[in-house]
Amino acid sequence: MPAIQDLYVQARAARENAYAPYSKFKVGAAVLGDNGKIYRGCNVENISYPCGTCAEESAIAAMIADNTRHIEAILIIADSKPLIRPCGACLQRIAEFALSHTRIYLADPEGIKQEFSLKDLLPSEFKAEELCK
Ligand code: THU
């Protein structure tokens, strides 16, 4: 199983490739799938601003495209103070494929700075059991 430091290295590398000409705010993400593989992503902005995608979103999409359906851990990195946190939409995206105790690591270029559970950051996600029937 890769170490959390491997997630950091992958997310940092993905962040280098982020396309953020409008906000200038580059974000990288790395997801550890339950198959032991790391999937990375970065934010991809668009001149039509709402068309932009978040780093977490693209990392999760890469995991799904590889037919993996469970997130063991996720790390997000940006160069910001305060430290980046996943946006609300990305927390919901993470919740789709994770458990309440799944670890979320937050980092900046100096290293991994904070660790939360998904429940810490999203105490109550949107759920609709009836949609799953
Ligand atoms: N962004 C992410 O990639 N992930 C988040 O969780 C928060 C925000 C990106 C979207 C946009 O390209 C830039 O950061 C500024 O909002």
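In terms of distances greater than 24 angstrom between alpha carbons, the cross-link table entries Lys37/Lys81; Lys24/Lys81; Lys24/Lys113; Lys26/Lys113 yield Lys37/Lys81. Contact order, relative form, for segment 4-126: 22 percent (alpha carbon pairs under 8 Å, 6 or more residues apart, mean separation divided by residue count).
For Phe126, the shell of other residues with beta-carbons less than 14 Å away shows a net charge of -2, using +1 for Lys and Arg and -1 for Asp and Glu. Of the residues Asn67, Ala55, Ala95, the one whose Cα sits farthest toward the positive end of the charge dipole of segment 35-98, with +1 on the Cβ of Lys and Arg and -1 on the Cβ of Asp and Glu, is Ala95. Taking the Cα centre of the chain as origin and assigning +1 to Lys and Arg Cβ atoms and -1 to Asp and Glu Cβ atoms, the resulting dipole is close to 160 debye. With the convex hull of its Cα atoms as the shape, the chain has an orientation-averaged projected area of 8.4 nm².
Computed extension length for Thr53-Ser100: 14.5 nm, one decimal, from 0.36 nm per residue of separation with the Cα-Cα distance subtracted.
Counting heavy atoms of the protein chains only and a 1.4 Å probe, report the per residue accessible area for the chain as a whole number of Å².
56
Surface composition of the chain: carbon plus sulfur atoms contribute 53% of the solvent-accessible area (1.4 Å probe, protein chains only, all chains present).
Count Lys and Arg as plus one, Asp and Glu as minus one, and take only other residues whose Cβ is under 11 Å from that of Leu32; the net charge is then 0. Only one residue of Ala128, Ala20, Asn35 has its Cα farthest out toward the positive end of the dipole of the chain, where Lys and Arg carry +1 and Asp and Glu -1 on Cβ, and that residue is Ala20.
Among the lysines, which have Cα under 26 Å from the Cα of Lys133 when same-chain residues fewer than 8 positions away are ignored? Once the sequence-local lysines are set aside, what remains near Lys133 is Lys119. Positive contributions from Lys and Arg (+1) and negative ones from Asp and Glu (-1), summed over other residues with Cβ under 12 Å from the Cβ of Arg93, come out at -4. When Asp79, Asp108 are compared by accessible area at a 1.4 angstrom probe, the order from most to least is Asp79, Asp108.
The values are calculated or read from the model by the stated rules, or taken from the named source; none is laboratory data. As the structure is a computational prediction, the values presented were derived from the model and not from experiment. All Cβ positions, even for glycine, are placed from backbone atoms using ideal geometry, and neighbour counts span all protein chains on display. Note: areas computed on protein heavy atoms with side chains; ligands, DNA, RNA excluded. Shrake-Rupley method; radii C 1.70, N 1.55, O 1.52, S 1.80 Å.
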